[in-house]
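One structure is given here, and the rest of the page talks about it.
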Amino acid sequence: MGRLLIVTPEGQSERDLTVTSSVGRHPSNIIQLLDRIVSKEHCILELRNARWLLRDLGSLNGTYINGQRVSGEQWLNDGDEITLGNTRMVFRHPGAPEVAPAYNPGTSPYGPNAGAQQPAQPSYLLPQSPGPIQPPGWTPPSALFNPVANAAGYHPVPATVPAQQESTDTHRPVVAQRPGGMTMIGASVQAKVTIATNLVESHVRSKIAAAQLQFLPEKQVTDVESLRRDYEKLRVAYEVQRSIGGELNLDVLLEKILDRAFDLLAADRAAILLYDEDRELRPRAIRMRKGVDEPFVVSNTILSQVREEHIAVLSSDAMIDPRFSQAHSIIMQGIRSSMAVPLLFKNELQGVMIVDSQISTNAFGEKDLQLVTNIANQAALALANAQLARQIQHDAITRERFQRLLSPQVAQLVFDGKVEVKQGGDPRETTMFFSDIRGFTSMSEGMEAQDIVGMLNDYFERMVEIIFKYEGTLDKFVGDEIMALWGAPVSSADDPVRCVQASLEMIEGLKQFNLDRAAQGLQGFEIGIGINTGRVVAGYLGSSRAMQYTVIGAPVNLAARLCSQAKGMQIIISEETWLRVRDVFEVVELEPVRPKGIAQPVRIFQVLGRR
């Protein structure tokens, strides 16, 4: 059975081959190579008729046998040197029949005769490829397993490639200026983007501080290059602004921003991370070039640098940075170049935009970093506008809700922050008002549903106007019942007086309402009113999706019971309320009652009118 002697910068190992052995960067391969240049599925070695065949799977950087790039398939002989990226392997299969070599071994660019005049190659040979560039001091695999060579002083030296070394691989595809792709918004992005906390520090080629992106005053511009840079800023700002326009829908806005970034940059992937409710940066949108479907791993080290220093970062050719040698997730993806830029508005970080290339070495330069930073500046402005629009919309909804509950004067105080309305509530003395229609059930049985709704709406409209006139708070409607408050959320010394006065006007208002209905040949009705004053808990109660301002406590229950005791057009108040209004209104004391749920008899009073 065949064997591979594998040499990497970390050391050497031996692996037995199975009948079909896949080789590549991905862990699903039989032989996984954590090499930054190796493709996910790079090549396959398979046994055919007692011979071993190597089949390249269209790898980007190629597979080389004895320095010759493999085109499709090639038979292997014992001792052949196989090169994949920075990994060298020696194929061992002693006793196997030899296969005609693809070329004269003396042509190897790695051997002692490298560069010497070579004999002519047979006509069936493939065109010779220069193969991957190797650094000075590299030791060929044959020397590692040759005692004579070792005795001569060969030693394995970890391979490194200078960060600025351009690839000479003429088979590298060119990234289209406008690659197609897809955009994902919301929850689906979470599955596509991962923020890795275990990556080593990235190789940072260039940084740009926010201050570097400002326009110079006219008197400080001294050269044409400054004018060119400023023109480019204006051009990008115009192009981006024209694309995103006045879009206020956040998801659509993010999609347009990424679309424009792909228009202006030769990028493979781009993502926008925004702060969530916990002030953590989370992926919100992602764009990928067609054919790129790997998870997008973002270095937390880079994110932290951008977040803390408010700078744009260019990481050039991270693949060959030796500090990435142990970063398996970087190796697995094959990221070659990336940029991370802050989304800043008025020096406040709103998020981070990440752009990367998996194919091109040194795909981005400082000009690209300036370009994507300009895009990010426009994106941050658009995000701020969208956020402001949402805040205005939210404030409008909040104002509308308050205006439905409170009088316009009180609603404005709450909206301006002069009065605090707490979730969960706070204890306060409040006067509770309840009213409902007498005989409503029997009356509604003979009416059409649409007529009932019209009648109630007309009635409620008149009653609420009176409540707001005396600065009461509308708590709720329950069927034909009205619940209102005085003293919450804004309190004053005469809350009970204003509540009782409003009740008297409601009775008079209902009389006029009935006259109007009678003129139309419609039936009128009467209401009963119950009022109590006491210390309750007032505030917003409910779920995070449905909140309601109300009051809770035994005094509330008593007010509701007094409403049940009241006859048509009768206003009944408790002793607590009477003590606060007795100098203002004429009342008559009624027989004490023992409402349901209350142990002791309760003194009650009927309000006759104002003194």
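The values are calculated or read from the model by the stated rules, or taken from the named source; none is laboratory data. No experiment lies behind these values; they were computed from the predicted model shown. Cβ sites come from the backbone with ideal geometry, for glycine too, and all protein chains shown count toward neighbours. All accessible areas refer to the heavy atoms of the entire protein, side chains included, with ligands and DNA or RNA removed. Shrake-Rupley method; radii C 1.70, N 1.55, O 1.52, S 1.80 Å.
Please say if region 475-521 is rounded, prolate or oblate, where rounded means a/c under 1.5 for a ≥ b ≥ c the square roots of the C-alpha gyration tensor eigenvalues, and otherwise the choice is prolate for a/b larger than b/c and oblate otherwise? Verdict is oblate for region 475-521.
Under 5 Å between amide hydrogens, built in the peptide plane, is the criterion, and for residue 80 it picks out 91 among residues at least 5 positions away or on other chains.
Carbon-plus-sulfur fraction of the accessible area of region 506-552, 1.4 Å probe, in percent? For region 506-552, the apolar C and S fraction of the accessible surface comes to 52 percent.
Heavy atoms of the protein chains alone define the surface here; on that basis region 480-611 has 48 Å² accessible area per residue at 1.4 Å probe size. Couplings 3J(HN,Hα) for region 462-477, derived from phi with the Karplus relation 6.51 cos²θ - 1.76 cosθ + 1.60 (θ = phi - 60°), are 5, 5, 5, 4, 5, 4, 5, 4, 9, 6, x, 10, 6, 7, 5, 10 Hz, where x marks Gly and Pro.
With a Förster radius of 51 Å applied to the C-beta separation of residue 552 and residue 242, the computed FRET efficiency comes to 0.40.
Accessible surface area normalised per residue over region 1-88 is 38 Å², counting heavy atoms of protein chains with a 1.4 Å rolling probe. Here the peptides 589-601, 566-578 are ranked by packing, the mean other Cβ count within 10 Å, and the order with the highest first is 566-578, 589-601. For region 488-611, rounded, prolate or oblate, judged on the Cα gyration tensor with a ≥ b ≥ c (square roots of eigenvalues), a/c < 1.5 rounded, else prolate if a/b > b/c? Note, shape of region 488-611 comes out oblate. Taking the charge dipole of region 439-500 about its Cα centre, with +1 at Lys and Arg Cβ atoms and -1 at Asp and Glu Cβ atoms, the residue from 459, 496, 477 reaching farthest to the positive side is 496. With 0.36 nm allotted per residue and the present C-alpha distance subtracted, the residue 51-residue 460 stretch has 137.9 nm of extension available.
Here's the picture: a label point sits 7 Å out from the Cα of residue 20 along the beta-carbon direction, and within region 66-83 the residues with their amide nitrogen under 19 Å of it are 72-76. Solvent-accessible area of region 6-94 (1.4 angstrom probe, protein heavy atoms only): carbon and sulfur portion equals 44 percent. In this label model, residue 278 and residue 438 are separated by 5.9 nm, measuring between points 7 Å along each Cα→Cβ vector.
This model, with +1 at the C-beta of Lys and Arg and -1 at the C-beta of Asp and Glu, gives region 418-561 a dipole about its Cα centre of some 480 debye.
Here the extension length gained between residue 392 and residue 224 equals 56.1 nm, from 0.36 nm per residue of separation less the Cα-Cα distance. Once Rg and the Kirkwood radius are both taken over the C-alpha atoms of region 12-65, their ratio Rg/Rh works out to 0.96.
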